[in-house]
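J.: Okay, here's the structure, questions in a sec.
The values are calculated or read from the model by the stated rules, or taken from the named source; none is laboratory data. Model, not experiment: these values are computed from the prediction. As a convention, Cβ positions derive from the backbone with ideal geometry for all residues, glycine included, and neighbour counts pool all protein chains shown. Accessible surface areas use protein heavy atoms only, side chains included; no ligands, DNA or RNA. Shrake-Rupley method; radii C 1.70, N 1.55, O 1.52, S 1.80 Å.
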Amino acid sequence: MAQAEAQAPVKPATPRRAVESGVPDNTQFLHPLMRKNYGNWKYHDRPRPGVLHHVAHSGDQLWTVKAGTQRQMDVWTIRKLCDIVDQFGERHMRFTIRSNVEIGVSTFEKVGPLIEALEKAGFPVGGTGNSVSMIAHTQGWLHCDIPGTDASGAVKALMDELIVEFKREEMPNRVHLSTSCCEINCGGQADIAIIVQHTKPPKINHDLVANVCERPAVVARCPVAAIRPALVNGKPSLEVDEAKCVCCGACYPPCPPMQINDPEYSKLAIWVGGKNSNARGKPTFMKMVASGLPNNPPRWPEVTEVVKRILYAYKEDGRSWERLSDWIERIGWPRFFEKTGLTFTKYLIDDWRGARANLNASAHIRF
Ligand code: SF4
Ligand code: SF4
């Protein structure tokens, strides 16, 4: 028996398969000519706004038509788009991070009919070169559980007014806009960003805290150490030192009984000058230039007005190839407020000097 066991073939261990939930390989969505000539382009140009023309060292040419979409799309809209690509394109399209769709074709003759079909179906063609991009926005009420506004709604209202700047290439440089529906701002940096701004500390429902929240996690979450464990009406709960609270809303996601969203006191703020790219200058962080704007659905007119003021002051005064942050750097903050007509207060354009001392840098519970 022992001998039989010794002779039994050893089964090779099956390697555990990685559980991948990341994005799929993007090359499968590229136009075959894009895949074939990847990294091997001789030059590219833009025959008109919304169209890119790539010429490869191999002699291949590819025209890419870029159109805006509404990002959160129903299945019928996606089918409509696919039908257009099947009929007028070459069965390949891809989405960009700013919710644009790019459709590649191998002959110039296909560009005109494709543009016509897209525009007829309500997809504006543009977004290339020095234009205003489609606005990147966070999930809003449809997907996330903590928003204080509907990012996609604010985007629709704003883009209705800025669509002409998407279709033209008349800005000094490209302009990226974003909207975020809470202060966590998962939308990232942008030239102009609209971000929720809570102005009152959270209201705590002490009856629910012990059942719903993991209190140490909530305490550790606060960036300014304003939350402490407390016993309220004989129940374990939490309390907030309101003098310290900066109304960031970070305690609300792990503890919904600490409600911070408020129809009156949750406002919107505008931040400017952020960028992720390394082109011409280093990436930059945004700074707040307008605050306390009403969170006013369904059209958010006060927000639109401020964004347009900043955008058109930049359009008029920015030099060729200056990003919005470069423009501000050149003219200085006092002239930025002068030119945009915005009111400066000491709470704006914080440069985070002193953050080391006044922000919470430890996960210890404080009593
Ligand atoms: S910005 Fe905030 S509320 Fe909006 S999707 Fe991101 S995390 Fe959710
Ligand atoms: S996490 Fe933010 S909102 Fe909550 S208590 Fe701390 S500072 Fe205030």
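J.: Between Arg353 and Asn26, take the C-beta separation as r, use R0 = 30 Å, and let me know the FRET efficiency to the nearest 0.05.
T.: E(calc), rounded to 0.05, equals 0.15.
J.: Quick one: with all protein chains in place, what share of the accessible area of the stretch 276-344 is carbon or sulfur, to the nearest percent (1.4 Å probe)? Before the final figure, lay out each step's value.
T.: Numbers: 2010 of 3950 Å².
So the carbon and sulfur contribution to the accessible surface is 51 percent.
J.: Ok, one more. At 0.36 nm per residue, minus the direct Cα-Cα distance, what do Arg79 and Arg17 gain on full extension? Give it in nm, one decimal, please.
T.: Working it through step by step, the gained length comes to 18.9 nm.
J.: Please work out how much accessible surface Thr14 shows to a 1.4 Å probe, ignoring ligands, DNA and RNA, in Å² rounded to 10.
T.: Accessible surface of Thr14 is approximately 120 Å².
J.: Sticking with this one: Please report, largest first and rounded to whole Å, the three semi-axes of the ellipsoid equivalent to the stretch 39-176, where each semi-axis is the square root of five times an eigenvalue of the C-alpha gyration tensor.
T.: 28, 18, 14
J.: Taking a label point 7 Å from the Cα of Arg330 along the Cα→Cβ vector, which residues of the stretch 271-299 have an amide N closer than 16 Å to it?
T.: Counting only backbone N, you get 273, 280-282.
J.: Pop a pseudo-label 7 angstrom from the Cα along the beta-carbon direction at both Leu231 and Lys36 and give the gap in nm to one decimal.
T.: Label-label distance for Leu231 and Lys36, simple model: 7.7 nm.
J.: With an 8 Å Cα cut-off and a minimum separation of 6 or more residues, compute the relative contact order for the stretch 1-131 in percent.
T.: Rounded, it is 25 percent for the stretch 1-131.
J.: Taking the Cα centre as origin and putting +1 on Lys and Arg beta-carbons and -1 on Asp and Glu beta-carbons, what dipole magnitude results for the stretch 224-314, to the nearest 20 debye?
T.: Computed charge dipole of the stretch 224-314: roughly 580 debye.
J.: What are the residues whose amide H is under 5 Å from the amide H of Lys42, where those residues sit 5 or more places off or on another chain and H is modelled from the backbone?
T.: When sequence neighbours closer than 5 places are left aside, the close amide H contacts are Val55, Ala56, His57.
J.: Return the FRET efficiency for the residue pair Asp207, His44: r is the Cβ-Cβ distance, R0 is 56 Å, and the value is rounded to the nearest 0.05. Please report the intermediate quantities before stating the final value.
T.: Numbers: r = 62 Å, r/R0 = 1.10.
According to the calculation, E is roughly 0.35.
J.: Divide by every residue of the chain the summed helix terms, -39500 (n - 2.57) for each DSSP H run of at least 4, and state the resulting mean residue ellipticity at 222 nm, rounded to the nearest 500 deg cm²/dmol.
T.: Computed mean residue ellipticity for the chain: -8000 deg cm²/dmol.
J.: Oh, and also: How much length is gained if the chain between Thr199 and Ala217 is pulled fully straight, taking 0.36 nm per residue apart and subtracting their Cα-Cα distance, in nm to one decimal?
T.: Full-extension gain reported as 4.2 nm.
J.: Then there's this: Divide the volume of the convex hull of the Cα atoms of the chain by its number of residues and quote the answer in cubic angstrom per residue. List each step's numbers first, then the result.
T.: Details: hull volume 92.6 nm³, N = 367.
Taking the convex hull of the Cα positions in the chain, it is 252 Å³ per residue.
J.: Please give the Cα centre distance for the stretch 183-211 versus the stretch 45-124, rounded to the nearest Å.
T.: 37
J.: At 1.4 Å probe size, put Trp352, Trp327 in order of accessible surface, largest to smallest.
T.: Most to least solvent-accessible, the answer reads Trp352, Trp327.
J.: Can you give the relative contact order of the chain as a percent, counting alpha carbon pairs under 8 Å and 6+ residues apart?
T.: 12
J.: Do the alpha carbons of any pairs in Lys156/Lys287; Lys36/Lys66; Lys66/Lys315; Lys42/Lys120; Lys42/Lys315; Lys120/Lys267 sit beyond 26 Å of each other, and which pairs?
T.: From the list (Lys156/Lys287; Lys36/Lys66; Lys66/Lys315; Lys42/Lys120; Lys42/Lys315; Lys120/Lys267), the Cα-Cα distance tops 26 Å for Lys42/Lys120; Lys42/Lys315; Lys120/Lys267.
J.: Taking 0.36 nm per residue of separation and subtracting the Cα-Cα distance, what length does fully extending Arg309 through Trp321 add?
T.: 2.3 nm
J.: Between the stretch 138-162 and the stretch 214-268, what is the separation of their alpha carbon centroids in Å?
T.: 25
J.: Select from Pro298, Leu268, Asn278 the residue farthest towards the positive end of the dipole of the stretch 263-367; place +1 on Cβ of Lys and Arg, -1 on Cβ of Asp and Glu, and compute about the Cα centre.
T.: Of the options given, the answer is Asn278.
J.: Would you mind telling me the share, in percent, of accessible area of the stretch 81-230 contributed by carbon and sulfur at probe 1.4 angstrom?
T.: 51
J.: Could you do me a favour and compute the accessible area per residue for the stretch 127-212, 1.4 Å probe, result in Å²?
T.: Here the residues of the stretch 127-212 average 37 Å² of exposed surface.
J.: What is the magnitude of the charge dipole of the chain about its Cα centre, with +1 placed on the Cβ of each Lys and Arg, -1 on the Cβ of each Asp and Glu, and no other charges, expressed in debye to the nearest 20?
T.: My answer is approximately 700 debye.
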